[in-house]
1. Looking at the range 42-83, which of its residues are among the aliphatic types (A, V, I, L, M), at pLDDT 90 or above and in a loop (DSSP other than H, G, I, E, B)?
2. Residues D11, D55: which one is among the acidic types (D, E), more than 27 Å from T111 (Cβ to Cβ) and in contact with a strand residue (DSSP E or B) (Cβ under 8 Å, 6 or more places away or on another chain)?
3. Out of everything in the range 127-145 that is in contact with a Ser or Thr (Cβ under 6 Å, 6 or more places away or on another chain) and assigned to a loop (DSSP other than H, G, I, E, B), what residue ends up being farthest from C85 (Cα to Cα)?
Amino acid sequence: MTTSVTLKTKDESGEPSTVGFRTIPLTSANYDNMTGVVIPAIVAAFQGVSLCPLDGLTVNAIDTPAGSAPVDPYAQRESKWRVTCISDDSPPVKTTFEIAGADLTLKVAGTQFMNIAAGAGATLVTQIETNLVSQFGGALTVQSIKHVGRNV
């Protein structure tokens, strides 16, 4: 059993985007740590790589709206970071999710990939690999974080 978490964001034009992931199960024994330390750290890591501000957070039945419209005109939901992970489940499970409002200053020059060796990219990888799990509960290892976009 796992706990699902959904982050909601808005881009510069007010369009919404979401990213969902799973963590270890939320229990009475770990509730304070998960909601007061772990999940806020994951949110901060996601926000560190996105120009779109947090517009809400759902942890199972907890829904906390927050945030305001971004002022950066490049905060667009169509510009995303696609995170690709592999689990340690048997057999391994490939997991992908996207983070809207990609901060393209984090790209490695000449590529579409985020610099995950330092700064906000390294923080995001640490939070994912420390706190997120696959749909079956296996630990995740980040394989890549790539800029992707949609035509509008």
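1. Hits for the range 42-83 are V49, L51, A75.
2. Within the list D11, D55, the selection yields D55.
3. G137
The values are calculated or read from the model by the stated rules, or taken from the named source; none is laboratory data. The structure displayed is predicted, hence computed values, not measured ones. Here Cβ is always computed from backbone atoms with ideal geometry, including for glycine, and neighbour counts include all displayed protein chains.
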